[in-house]
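Below is one structure, written out as structure tokens; comments come after it.
Values quoted throughout were computed directly from the atomic coordinates according to the rules given, and no laboratory measurement underlies them. Model, not experiment: these values are computed from the prediction. Every residue, glycine as well, gets a Cβ built from its backbone with ideal geometry; the counts of neighbours run over all protein chains shown.
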Amino acid sequence: MRQVSVNSLTMGDVLGKTIFSSAGRILLGKGVKLTPLYIAKLRDMGISILYIEDDRFDDVIVEDVISEEHRREAMEILEKSTRSVRLGKEFDGFDLKRIINKIVEEILFKKDILVNMMEMRSLDNQMFAHSVNVCVLSTILGKALLLDREKIETLAIGAILHDIGKVRVDSKLISKVDLTAEEVEILKTHTTLGFEDLRKRKDLNLVIAHIAFQHHEHMNGTGYPRQLKEGEIHPLAQMVAITDLYDKLTSDHSNVKRIMPHEACEILMGLAGILYPLELVRVFLRNIAAYPTGVTVKLNTGEIGVVVDQNLSMPARPIVRVFDESDFGSNVVKEYNMVEKRTIFIQEVLS
């Protein structure tokens, strides 16, 4: 399978990965043959990238860090939780802890983790998909930092609930692009609103409330709501801040066009030591594939290929399969392992 832009889909392409709604329902299942009507609907749903089957890459497996079942269940529980908060009721903390336990267990069980898949998100599930992904990324970072199980679970719950305060903000502001200065200030209140809701919960660690409160604070004091500086921000909140930004950069979030992981990695490195702790950023990026499996790339040799595998030791130097023709001619197959071929590099990402 390989990743493609929704704009480059053609009739007859076969969907390689299932697309889910915010409630965890299947919008379009894996194996479905795409028709012009389906392609038009995908565009209408705001989906910009997806995975399709391709005989030339039938051995390429693009794996999520957690199972589809757990991701779907987490989104479903998060949607129920936010609905409860919107209605002024308490959400089911037991349900939330149960799915967090499953996610943490799954991630801790895996020996080597490299995030090498880009999510397919529709307009209706951006907020929930973002929160679940921030939870997954934060858990991976917590594992890489060798945090104990209890602390990782606290981190994971704080991460999935980091934006819960947005439920109390006018929904129009969440998706609006050109916000006025006054609207920006209103949107910023989501950190305080989330904190006030979560700190009242006897069944949740108070640190979880502080993660929601502090995930937009910066080391240099330019963040909000309290302009905290280095040493004043809770380490778990700093971890969520990093994963929150990475996920926003690499997904279609609030009508802002996504950028590719290698670009997001560069931005994070540029902010390391200024907004975020340098060591946290370094550890996080060691677990991110700069060029995810399945993306189409152009090499400095002029050849076009697809990333077919990763090198855990060097996430920015994957394995690329190219063909003798730029349009994926099916004659001679050639692969470059970029850890071994140091003079070959990716010049451009084409999908």
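Below is a table of values for the structure above.
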| quantity | calculated |
| --- | --- |
| Residue order, fewest to most beta carbons within 10 Å, for Ile66, Ile61, Ile208 | Ile61, Ile66, Ile208 |
| The chain, dipole about Cα centre (Lys/Arg Cβ +1, Asp/Glu Cβ -1), debye to the nearest 20 | 640 debye |
| Neighbour-count ranking [beta-carbon atoms within 10 angstrom, fewest first] of Met118, Met11 | Met11, Met118 |
| Along principal axes, Cα extents of the chain, largest first, whole Å | 64, 44, 43 |
| Glu266-Val177 pseudo-label distance in nm [points 7 Å out on the Cα-to-Cβ vector] | 2.3 nm |
| Estimated inter-spin distance, Asn101 and Ile274, nm [label 7 Å along Cα→Cβ] | 4.4 nm |
| J(HN,Hα) series, region 340-350, from Karplus relation 6.51 cos²θ - 1.76 cosθ + 1.60, nearest Hz, glycine and proline x | 8, 9, 5, 8, 9, 9, 7, 8, 7, 9, 9 |
| The chain - percent relative contact order, Cα under 8 Å, separation 6 or more | 15 percent |
| For the chain, calculated [θ]222 nm from helices alone, where every DSSP H run of n ≥ 4 adds -39500 (n - 2.57) | -12500 deg cm²/dmol |
| Residues with amide H under 5 Å from that of Leu27, placed H, sequence gap 5 or more | Ile19, Phe20, Ser21 |
| Three-way shape label, region 8-165, alpha-carbon gyration tensor, a/c 1.5 | oblate |
| Restricting region 240-323 to trypsin sites (Lys or Arg not before Pro) in coil, as DSSP defines it, with at most 10 other Cβ within 10 Å | Lys257 |
| For the chain, with +1 on Lys and Arg beta carbons and -1 on Asp and Glu, the positive-most of Gly88, His234, Gln214 along the dipole | Gly88 |
| Pairwise FRET efficiency - Arg168 versus Asp112, Cβ, R0 = 25 Å, nearest 0.05 | 0.05 |
| Out-of-range pairs (alpha-carbon distance over 21 Å; input Lys172/Lys257; Lys176/Lys200; Lys102/Lys166; Lys30/Lys248; Lys188/Lys229) | Lys176/Lys200; Lys102/Lys166; Lys30/Lys248 |
| Which of Thr139, Thr192 has the fewest Cβ neighbours within 10 Å, and the rest in rising order | Thr192, Thr139 |
| In region 76-108, trypsin sites (Lys or Arg not before Pro) in a DSSP loop with at most 15 other beta-carbon atoms within 10 Å | Lys89 |
| Loop GluC sites (Glu not before Pro), region 257-350, which have at most 13 other Cβ atoms in a 10 Å radius of their Cβ (DSSP) | Glu325, Glu340 |
| Segment Arg86-Asn300, extension gain: residue separation times 0.36 nm, minus the distance between their alpha carbons | 71.9 nm |
| Projected label distance in nm at Ser5 and Thr343, using a 7 Å step from Cα toward the beta-carbon | 3.2 nm |
